[in-house]
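Contents: one structure, followed by commentary.
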Amino acid sequence: IYSFEDYYIKLNKRFHAISYPLTEGINVFFKDITDNHKNRIELQESQLKLKAILDSTRDNNLLISLDYKILNYNKAAHTNTLKIVGKELFIGGDIRDFLPQDSKAQFEICFSKALNGETHIIEVERNINNQSVWFEVTYLPVFDDENIQIGVSINHKNINDKKQAELRVKEQKLMLKAIYNSTTEAVIFINTDFIIRFFNQSAKYLIKLLLNKEIQIGDNSLDYALPEYRTTYKNACAKVLLGETIITEQAGYNSWWRLAMYPVQDESQNII
């Protein structure tokens, strides 16, 4: 039995032929596969284009079947897997064999959620070349044209720069908080809607002492102004939001108080 494919130029069609011997001669069957051939070529071209796109990104991309088999992966996934676990990915391999030991339990949780149709995103820390690298990992269910789930897409995005920036901001906030808490002056920061966004320990102590209330982030600062001073306070805030600094001294609660209200600006000089 012999089979082959060939293109017949006069008909502009491609045929698949099967021939086998008979006692009387040779029997040959022809089948028009022009459309199938075009579809196959288009599919191959789209797959090549998709592979080129996936290989051009620094993100790690893997497609995993419902039974944990690796269906596809890009160049970045192959390179980073080799760096992290010392193994080379291959189509058909069990993804669980390529996971760091300390991430397997978390993987099972996230993969199970994706198998149930849920998109799940986590942040993980990995050691690459003795350096800490942070990734955002997205587990995404993948469906075919008939909306039947065929697998799970796993995307690892390097967020190390973002994470380092967050850590620097956190460090700066901690230092700023330490500075504010080292003064005996009560300091409260409110936004343009009069909502409390920050206060130091002295402010917390003073509010408790004078009003017998626990100050909380998110409270409206108007709730901490006595009724007879509320209008004056709102008018003062309105002036400060226009860029004016207000400093007053007045008696109250058997003491003299100095109240200073300053506009706070962001990097674009907008009052916040």
For segment 182-272, which strands (runs of 3 or more DSSP E) that fit wholly inside it have 1 or more residues that are exposed (fewer than 10 other Cβ atoms within 10 Å of the Cβ) and free of Cβ contacts under 8 Å to residues at least 40 places away in the same chain?
246-252, 255-261
Positions within segment 66-99 being closer than 18 Å to ASN130 by Cβ, surrounded by 14 or more Cβ atoms within 10 Å (Cβ to Cβ) and not hydroxyl-bearing (Ser, Thr, Tyr), in sequence order
ASN80, ILE84, VAL85
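Bear in mind these aren't lab numbers, they're just calculated from the coordinates by the rules spelled out. Source: prediction; values computed, not measured. Glycine also receives a Cβ, built like all others from the backbone with ideal geometry; neighbour counts cover every protein chain displayed.
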